[in-house]
Amino acid sequence: MATTELDRDPSKAITAIRDARPPATDRFTYLTIVESNLSPEVLPTLNEVLQDAGLTQEIGWDLVYNLVSLPGSSSCLETIARLGNPREVILKVLETLELLGEEEGYEADDEAETTKEKKEGGVTKTEKFITLMGMLAILHGRIKTKYPSRFLAQTLQTVLGAYEAGSEEMTAAVINLVHSLSGKRARPPLPSRKSSVNVANLDARGDRGKNAPDPEADDGKEGEAKTEDPDETELQQKLLLSFATCVLERYANGNDLAWAGRLVEFYEPERTVPGRRTLMGAFREEEGLLAKDGIVGNLVALIGDLGLRSCSRTFLKHVCEGPLHENPLAGSEDFESASQVKLSTGGAVCLVAYWVFSSTIFDADHPQPEMNIFPDHYAVLDKFLQDDAHAQIQQSPGTVEALVTIGLWLHANKFVSANPNTPLTNPTTSPEDPTSDFMRYIHLVTLIALFHPKLHVRNAASTLAGQVLHSDPSDDDRLKVLYDLLENCTFASLKARAITWLREELIAAFTAKLHQATAFSTLQALETVQYVVFPNLDFLVEDTNLEEVVEYLVTNAPFLMQAVNLGLFLWSSPEKWNAVLPTNMDATVRQRWFEPLLESIERVQKESKSSDVELGPLEGELAVLKGRLEDLAAKEGFTGGKGV
């Protein structure tokens, strides 16, 4: 009952905390009194009490978890970090961080949730994280030990586990922490930069001269330790660098940074729709998107401050040829030298992508990688996607977008092959072999175009695949890739894209007016692919039930639409394309493909009205497809002008 009364009356709680200080009670009893009377109103008094370094060393660590959830507790927690036993307090901070990582994620900690917590007097998860980062910065500066890397490794692993990339504030707090731990002062934000995100930093705002010495310093003297081994210093710096690359990858995977989409807009401005805001425009105008660019810029600057400022061959070899390091800090508390510490492979990819992206879009002064699509970019792409491409693309969308970004930049700068005048197929394999590097590269990029969750990345990947395809100096190779996609790919959207690439090849060959005939300026191309572009569809009208016809049309709608568009392209100007149109191809396409397709569409439109088959969006798609087929039928080059 006494505790309840104290809770109801802050003045009684304040009196109890002030008067019960040891030696009036023992430290265990006093700790119980403090914990049972914690409230925002008692915090100023508690902070006065905690100025007693001896008392704070005994009880401070045990107050961390309860205090971090109280509004206004940052001063008390800063005092505990500066005066408490640093080894005990740091363990409690890490334990609190682990529990914080299990709390409801940042996605639920949105503006509405944050407002609710503020009104109820609570502390958001992000605010707790920021305060704990400040405590860690202070605590690591106080621990005097021969091997501080062991404390550092544990801290970095725990922070990474609690960090949520969807929060700019959390990311800014992590950047502050690394600056403090590395001994390098954080760069002040530029006054005119709207993208700066600033958060409280306990380590920066206080006086380090007030920090109590480490009572457990290794050489037996409080606050002093033996001279630190240079190898130990190098190990700590490498741990921080590895951690920073992990954070960069996490941030890229947790935020839509639109690097690839913006590069496509920069390289091909003619593809933008007049009147529609571009991605580049959005990132110039929206404060939230500006903040994302600013955070990434700060992360990359931090990595540079930690020593990774150049794109050396050693670094590129790690990225392209080394093993895939997805969790490089695992077990790092047992590392004995910097050589054992690896960088996050995905983080390194994101770093290279940002270098080339910002050099292009912002004209920034960043290193540029000396690499080519073949073999370098292919090697890293294959490394990331070789096992389970779909899962990797879904789990690491930012890293995968970074890969596309690098590929776009390499192609734009004509870094396609280390041997630019030779075919891109692997010389050790037959071009028809699907394991050839060229064929597999196109396959991997088209998987990104299929599975990536962001439309602008899918479009950018499709653009890259087409660019690389067209870059192969061997027209036979290009034709074989197109045939392979049209014959063996099970995804209609990618087969549709292959038809687009086929049309681009035909146009390029015609425009170039080559003196020497190529596969795409003669009958060879369409003779090779006509039966996979316009396959036999008689099965749709041969005792096939309505549901099966609908399923086929739903599955193949994008492919069918691009096929009829190619027909319109060819037979609208048959005299122009006479050199590439095989004899009687129009009659063959009409009989095998056009007539059964049109008949099946008309059947579905008619019978679905009196059946239980729901067409949904397909109804509109079929109307458009039928209209395009009727347009094709009206072309004299296709039907002699006789129509349907």
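The values are calculated or read from the model by the stated rules, or taken from the named source; none is laboratory data. Just so we're clear, the structure is a prediction, and the values are computed from it rather than from any experiment. Note that each Cβ is placed from the backbone with ideal geometry, even for glycine, and that neighbours are counted across all protein chains shown. Only protein heavy atoms, including side chains, enter the accessible area calculation; ligands, DNA and RNA are left aside. Shrake-Rupley method; radii C 1.70, N 1.55, O 1.52, S 1.80 Å.
Just for the range 461-482: of the residues that are open to solvent by 10 Å² or more (accessible area, probe 1.4 Å) and assigned to a loop (DSSP other than H, G, I, E, B), which one is nearest to ALA418 (Cα to Cα)?
If we take residues in the range 461-482 being open to solvent by 10 Å² or more (accessible area, probe 1.4 Å) and assigned to a loop (DSSP other than H, G, I, E, B), then PRO473 is nearest to ALA418 (Cα to Cα).
Which residue out of LEU299, LEU241 is in a helix (DSSP H, G or I), open to solvent by 10 Å² or more (accessible area, probe 1.4 Å) and hydrophobic (A, V, I, L, M, F, W, C)?
LEU241
Run GLU113 past the list (1) touching a helix residue (DSSP H, G or I) at 6+ places or on another chain (Cβ under 8 Å); (2) open to solvent by 20 Å² or more (accessible area, probe 1.4 Å); (3) modelled with pLDDT under 95; (4) assigned to a helix (DSSP H, G or I) and report the number of the one that doesn't hold.
(1)
Of the residues in the range 268-285, how many are part of a helix (DSSP H, G or I) and either under 24 Å from the mean Cα position of the chain (by Cα) or of a type in the set (A, V, I, L, M, F, W, C) (or both)?
Total meeting the criteria: 7.
Looking at the range 257-266, is at least one residue modelled with pLDDT of 90 or more and within 24 Å of VAL159 (Cα to Cα)?
Checked the range 257-266: at least one residue is modelled with pLDDT of 90 or more and within 24 Å of VAL159 (Cα to Cα).
Collect the residues in the range 302-314 that are in a helix (DSSP H, G or I), buried (at least 18 other Cβ atoms within 10 Å of the Cβ) and not acidic (Asp, Glu), keeping them in residue-number order.
LEU302, ILE303
Cβ contacts < 7 Å: first residue without any contact (Cβ under 8 Å) to a residue 40 or more places away in the chain, restricted to the range 294-322; second residue open to solvent by 20 Å² or more (accessible area, probe 1.4 Å) and in a loop (DSSP other than H, G, I, E, B), any location; separation 6+ or different chain. Result?
From the range 294-322, no pairs qualify.
Filter the range 612-623 down to residues that are open to solvent by 80 Å² or more (accessible area, probe 1.4 Å) and part of a helix (DSSP H, G or I) and give me whichever is modelled with the highest pLDDT.
Only one residue tops the list, namely GLU621.
Among the residues of the range 249-267, what is the count of those that are assigned to a helix (DSSP H, G or I), within 9 Å of the chain's Cα centre (by Cα) and not aromatic (Phe, Trp, Tyr)?
Of the residues in that region, 5 qualify.
Before we move on, is SER396 modelled with pLDDT under 95 and open to solvent by less than 40 Å² (accessible area, probe 1.4 Å)?
no
Does LEU566 meet the test of being in contact (Cβ under 8 Å) with a residue 12 or more places away in the chain, in a helix (DSSP H, G or I) and open to solvent by less than 50 Å² (accessible area, probe 1.4 Å)?
yes
For (1) assigned to a loop (DSSP other than H, G, I, E, B); (2) modelled with pLDDT of 95 or more; (3) open to solvent by 70 Å² or more (accessible area, probe 1.4 Å); (4) polar (S, T, N, Q), each residue gets a yes or a no:
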| position | (1), (2), (3), (4) |
| --- | --- |
| THR500 | no, yes, no, yes |
| LEU514 | yes, no, yes, no |
| SER521 | yes, no, no, yes |
| GLU527 | no, yes, yes, no |
| ASN536 | yes, yes, no, yes |
| LEU553 | no, yes, no, no |
| ALA557 | no, yes, no, no |
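Determine the pairs where a residue that is without any contact (Cβ under 8 Å) to a residue 12 or more places away in the chain, located within the range 445-463, has a partner that is surrounded by 21 or more Cβ atoms within 10 Å (Cβ to Cβ) with Cβ atoms under 8 Å apart, the partner being 6 or more residues away or on another chain.
Going by the 8 Å Cβ cut-off, the qualifying pairs are ARG458/ILE448; ARG458/ALA449; ARG458/HIS452.
Kindly indicate the residue of the range 37-64 that is assigned to a helix (DSSP H, G or I) and more than 45 Å from the chain's Cα centre (by Cα) and also surrounded by the fewest Cβ atoms within 10 Å (Cβ to Cβ) among those meeting that condition.
Among them, the one singled out is GLY54.
Got a number for residues in the range 436-460 being among the polar types (S, T, N, Q) and either open to solvent by less than 10 Å² (accessible area, probe 1.4 Å) or under 18 Å from SER396 (Cβ atoms) (or both)?
2
Tell me, which residue of the range 571-591 that is assigned to a helix (DSSP H, G or I) and without any contact (Cβ under 8 Å) to a residue 60 or more places away in the chain is farthest from PHE510 (Cα to Cα)?
Per the stated criteria, the residue is GLN591.
Does at least one position in the range 147-158 carry a residue that is at pLDDT below 95 and part of a loop (DSSP other than H, G, I, E, B)?
yes
Name the one entry in ASP256, ASP293, ASP231 that is surrounded by fewer than 17 Cβ atoms within 10 Å (Cβ to Cβ) and of a type outside the set (Gly, Ala, Ser).
ASP231
Working carefully through the options SER573, SER600, find the one that is buried (at least 18 other Cβ atoms within 10 Å of the Cβ) and of a type in the set (Gly, Ala, Ser).
SER600
Mind checking which pairs have a first residue in the range 207-224 that is open to solvent by 60 Å² or more (accessible area, probe 1.4 Å) and aliphatic (A, V, I, L, M) and a second that is assigned to a loop (DSSP other than H, G, I, E, B) and at pLDDT 50 or above, Cβ under 7 Å, 6 or more apart or different chains?
Final answer for the pair search is none.
Select from the range 189-206 the residues that are of a type outside the set (A, V, I, L, M), at pLDDT 80 or above and open to solvent by less than 40 Å² (accessible area, probe 1.4 Å) and list them in ascending order.
Within the range 189-206, ASN201 is the sole residue that qualifies.
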